[in-house]
Every structure is written in structure tokens, then in C-alpha cells.
Ligand SMILES: [Zn+2]
Ligand SMILES: [Zn+2]
Ligand SMILES: [Zn+2]
Ligand SMILES: [Zn+2]
């Protein structure tokens with residue numbers, strides 16, 4: 001039964017697996033490694049308000065200006081503007097920070113809403129358990145709260161303050177860990193949305209570990225072995241068989257468990 005605490009042995013294994021980065025395992029010479037690392041460091045993302053492309057840090061500054069007075073509207077929520085306190089939060093993979101997002105979320109949204117959002121866009125494969133860790137406390141879903149952790153049916157304003165870092169874990173077997181940071185809190189107008197995706201990273205370029213072309217698939221068996229990331233042609237030759245392949249998708253959960261991409265179309 002889930003108790004809100006993860007046994008350290010599981011953590012060690014899952015950290016190892018999840019921390020594997022295709023970039024590192026691609027290496028067979030210093031030059032290639034340097035090129036790959038450079039790509040990682042300069043990895044850029046797109047602002048959803050203006051379409052501008054910026055680095056992860058520059059995006060914070062950019063959004064401060066670009067977001068001003070802009071209302072993120074979808075057809076379904078046109079008339080429901082309201083003034084709310086919002087948190088500007090950055091999210092990134094704990095072991096693969098090349099995957100990142102800037103979001104704005106109303107302070108009266110609940111931790112469980114944030115959990116659903118993260119699942120929808122980056123994580124959900126087969127309904128695994130998840131948890132937040134905030135200021136040394138673990139927040140789980142209701143059923144878990146009964147046996148240890150705190151209930152995440154709680155407003156963000158009750159647990160977050162600007163400048164705070166906190167953590168999210170999805171799946172306690174093949175864990176995907178995220179780091180979240182509260183950049184700022186301010187007043188904003190939201191049009192029915194409680195969460196706005198302000199910006200996210202452009203898909204990182206991952207190369208086929210067999211021939212060097214762009215990888216499109218990853219063998220869940222061989223990920224981390226130096227021969228798991230493959231282009232279509234090389235995937236056909238790969239021994240493990242089709243059922244082991246997962247698509248290369250823009251998420252820190254790429255290649256894990258049965259993850260095939262976001263729940264909704266982007
Ligand atoms: Zn912009
Ligand atoms: Zn799964
Ligand atoms: Zn190839
Ligand atoms: Zn394989």
C-alpha cells in the first residue's frame with residue numbers, strides 16, 4: 001500500500017533509469033559529446049503569446065513583458081474573464097532539464113489540478129500514482145492521504161510562495177521526476193482557464209545511435225545502453241521487436257513505461 005513515502009531502494013533504481021540521457025549515452029568520442037552538450041545548453045523554447053523563440057532563462061524575462069495585458073482565450077471560455085492572483089511557475093525534468101515549460105496558474109487552483117495538467121501534457125501512460133513534495137511534505141491523492149501523505153486537494157495559495165522550489169514524481173516504479181519553481185505571483189486576468197501554458201521547449205534533437213540521423217523511436221529495452229534511440233530505418237533492423245518501441249516525443253517521460261505522448265492534441 002502506498003504510504004506517501006517512497007522506499008529508498010526504489011528511488012535509486014528509478015533515478016538511475018530516469019536519469020539516463022540519450023545525449024550522454026550517444027558518446028563515442030569527445031567531439032560528438034561536446035557538440036551534443038552545446039545543443040542541450042542552448043536549447044530553446046517558444047512563447048505561446050507571440051511565437052518568439054528564447055532560451056529557458058531569457059524566457060522568464062521575455063514573458064514578464066510579453067504576457068502583459070494578453071488574455072489567453074480559447075473558444076470555450078470567451079466570456080468568463082476574472083481577476084485572480086496567479087503564480088508563474090517553471091517546470092523541468094529533474095534529470096533532463098532540456099524539457100521545460102513556463103505556466104501560469106491561478107493561486108486558487110488546487111495541487112490536484114496541477115497534477116492533472118502535468119499528466120496530460122507530459123506524463124500519463126497508465127494511471128500510475130504521483131506525488132508532490134513541497135517544503136518537506138508529501139502531497140498525494142486522497143486515497144493516499146489516509147495512509148500518510150497530505151491530501152493534494154489543497155489550494156496552491158496555501159502551500160506555495162514565490163521563490164519556492166518543489167518537486168513532482170509520477171510513477172514510483174519508472175519514476176519521472178520534475179522540478180517546479182515559483183517565479184512570481186501577481187494579479188492577472190484569466191478567461192476560465194486555471195492553467196495557461198505560456199512557453200515550452202522546442203523538441204530536442206536526438207540522434208539515432210546507430211546511424212546518426214534524427215531518432216524517431218526509442219527501444220524501451222535498450223534505452224540507456226547506447227543503442228536504444230533509432231531512426232525508422234535502423235528500428236526495422238533492431239532485434240528487440242516492434243512492441244518494445246516507443247515514439248520519440250517532447251516530454252521528460254520519453255521512452256519510459258508505455259509513454260507515447262500527450263493525452264490531448266497539442
Ligand atoms: Zn512572447
Ligand atoms: Zn505506465
Ligand atoms: Zn539510424
Ligand atoms: Zn532494443
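Assorted remarks:
- The residue that is nearest to residue 168 (Cα to Cα), counting only those in region 205-224 that are without any contact (Cβ under 8 Å) to a residue 60 or more places away in the chain and more than 15 Å from ligand 4 (Cβ to nearest atom), is 214.
- Within region 117-132, residues that are over 13 Å from residue 259 (Cα atoms) have Cβ atoms under 6 Å from residues that are within 11 Å of ligand 2 (Cβ to nearest atom) and in a strand (DSSP E or B) in these pairs: 130/170, counting only partners at least 6 apart in sequence or on another chain.
- Residue tally, condition within 12 Å of ligand 4 (Cβ to nearest atom), within 29 Å of residue 116 (Cα to Cα) and buried (at least 18 other Cβ atoms within 10 Å of the Cβ), over region 225-264: 4
- Meets criteria (modelled with pLDDT under 95 and within 16 Å of ligand 2 (Cβ to nearest atom)) for residue 258: yes
- Residue within region 178-185 that is without any contact (Cβ under 8 Å) to a residue 24 or more places away in the chain and either within 16 Å of ligand 3 (Cβ to nearest atom) or assigned by TED's automatic domain parsing to the domain that holds residue 64 (or both) present: no
- Residue 190 vs. criteria crowded, with 18+ Cβ neighbours inside 10 Å, away from ligand 4 (no atom under 16 Å from the Cβ) and over 16 Å from residue 139 (Cβ atoms): yes
The values are calculated or read from the model by the stated rules, or taken from the named source; none is laboratory data. Source: prediction; values computed, not measured. Every residue, glycine among them, receives a Cβ derived from its backbone with ideal geometry; neighbour counts consider all protein chains shown.
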